[in-house]
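Notes follow the structure.
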Amino acid sequence: MSMELPIPAALMPRHVAIIMDGNGRWAKAHGMPRAWGHRQGVVALEPIISLCGAWGIEALTLFAFSTENWARPKDEVAQLMGLIVEFFNKKIDELDQKGVCIRMLGDLAGVPQVQRETARQAMERTKNNAGLKLNIALNYGGRQEIVRAAQRLAAKCASGEMTPEDIGETAFEGELYTSGLPMVDLLIRTSGEERLSNFLLYQCAYAEFVFVKENWPDFSPAVFAAALDAYARRDRRFGKV
Ligand code: IPE
Ligand code: IPE
Ligand code: MG
């Protein structure tokens with residue numbers, strides 16, 4: 001794996017978000033159960049996290065489990081939840097050593113206690129780390145996040161802590177799970193699907209979208225480098241001429 005920058009440092013996105021999709025199709029194509037695809041998905045993830053740190057990307061946000069994914073068969077939900085804990089147990093020492101700062105995005109109160117506790121410990125242990133900001137979206141839904149922010153602002157208004165006139169983009173963004181992070185520059189989705197599936201609706205307002213055909217377990221450093229190259233070639237106008 002080459003640590004060499006695939007694009008000039010000045011063109012690197014500050015915040016990359018990834019919808020890791022296609023584990024099930026990957027497993028099916030290999031004649032294996034879906035759970036095997038999820039397991040290989042975790043294997044594919046490890047070098048990508050390292051490269052983000054090595055390439056000076058400030059924040060990496062991964063879609064691990066959506067508010068809609070509870071509708072999957074019970075055993076698949078259990079396998080995905082099991083992998084979350086396994087990932088942290090196996091990787092937390094190394095991530096901490098590399099200076100990775102972990103944040104969970106989503107409604108943690110709605111996940112089983114062992115996942116919630118493992119995630120909380122990982123956040124607590126790495127909260128002062130100054131390296132890559134690794135955000136893991138677990139039981140995350142973009143609409144839920146926006147509604148929650150509205151509720152939190154309404155509560156502050158009701159308590160007299162603020163008034164409706166104080167609500168601007170800065171105040172609103174402060175109530176999102178991504179508070180303090182830059183907006184998403186580059187959104188990557190694997191497996192050929194071209195939709196947002198309720199991920200980071202607010203934060204992707206001006207993101208560049210790169211859709212790649214590879215299923216997530218085949219998302220190699222070379223595919224990642226190609227996605228960054230595609231991003232670097234985009235002309236980000238932000239409404240200007
Ligand atoms: C992505 O792969 C992993 C999660 C959604 C957690 P999928 O499980 O969605 O794989 P496909 O889309 O069915 O192939
Ligand atoms: C999005 O993928 C969620 C995650 C990658 C965690 P899905 O596979 O659940 O999305 P849809 O159902 O194709 O929209
Ligand atoms: Mg999918």
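The values are calculated or read from the model by the stated rules, or taken from the named source; none is laboratory data. A quick note: this is a predicted structure, and the numbers were derived from the prediction, not measured. Note that each Cβ is placed from the backbone with ideal geometry, even for glycine, and that neighbours are counted across all protein chains shown. Note: accessible area is taken over every heavy atom of the protein model, side chains too, but ligands, DNA and RNA are not part of it. Shrake-Rupley method; radii C 1.70, N 1.55, O 1.52, S 1.80 Å.
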Computed Rg/Rh of the stretch 99-165, alpha carbon atoms with Kirkwood Rh: 1.09
Longest to shortest principal axis, alpha-carbon extents of the stretch 44-169, angstrom: 45, 38, 22
The stretch 54-132, relative contact order in percent, only Cα pairs under 8 angstrom and at least six apart counted: 40
Euclidean distance of C-alpha centroids, the stretch 2-20 and the stretch 184-201, integer Å: 16
Per residue solvent-accessible surface (Å²) - the chain, probe of 1.4 Å: 50
Cα principal axis extents for the stretch 104-241, largest first, Å: 51, 48, 30
Area accessible to solvent at Tyr202, 1.4 Å probe radius, in Å²: 60
CD proxy at 222 nm, helix term only [per DSSP H run n ≥ 4: -39500 (n - 2.57); per residue of the chain; nearest 500]: -13500 deg cm²/dmol
Alpha-carbon Rg/Rh ratio, for the stretch 1-100, with Rh computed the Kirkwood way: 1.01
The stretch 74-119: Rg to Rh, with Rh as the Kirkwood radius over Cα pairs: 1.00
The chain: relative contact order as a whole-number percent, Cα under 8 Å and 6+ apart: 28
Interchain or long-range residues, amide H under 5 Å from Thr61's placed H: Val16, Ala17, Ile18, Asn135
Mean separation of Cα contacts under 8 Å, 6 or more apart, over the residue count of the stretch 150-241: relative contact order %: 23
Arg103 accessible area, 1.4 Å probe, all protein chains in place, Å² to nearest 10: 70
Distance between modelled label sites at Glu117 and Glu165, nm, 7 Å Cα→Cβ extension: 4.9
Carbon + sulfur, % of accessible area of the stretch 117-157 - ligands and nucleic acids excluded, 1.4 Å: 49
Additional length obtainable on full extension of the chain from Asp93 to Leu201, 0.36 nm per residue less Cα span: 35.7 nm
Mean Cβ neighbour count within 10 Å, used as a protection proxy, ranking 109-116, 178-185 highest first: 178-185, 109-116
Residues whose placed amide H lies under 5 Å from that of Glu208, excluding near-sequence neighbours: Leu186, Leu187
Hz values of 3J(HN,Hα) by residue in the stretch 184-201 - Karplus curve (6.51, -1.76, 1.60), Gly and Pro given as x: 5, 8, 10, 10, 10, 10, 8, 6, x, 6, 10, 8, 8, 6, 6, 9, 6, 4
Where Lys74, Lys98 fall by accessible area, highest first, once all protein chains stay in place (1.4 Å): Lys74, Lys98
The chain - Rg (one decimal) and Dmax (whole number), Cα, Å: 18.1, 60
Greater than 26 Å apart at Cα, pairs in Lys91/Lys133; Lys213/Lys240; Lys74/Lys213: Lys213/Lys240; Lys74/Lys213
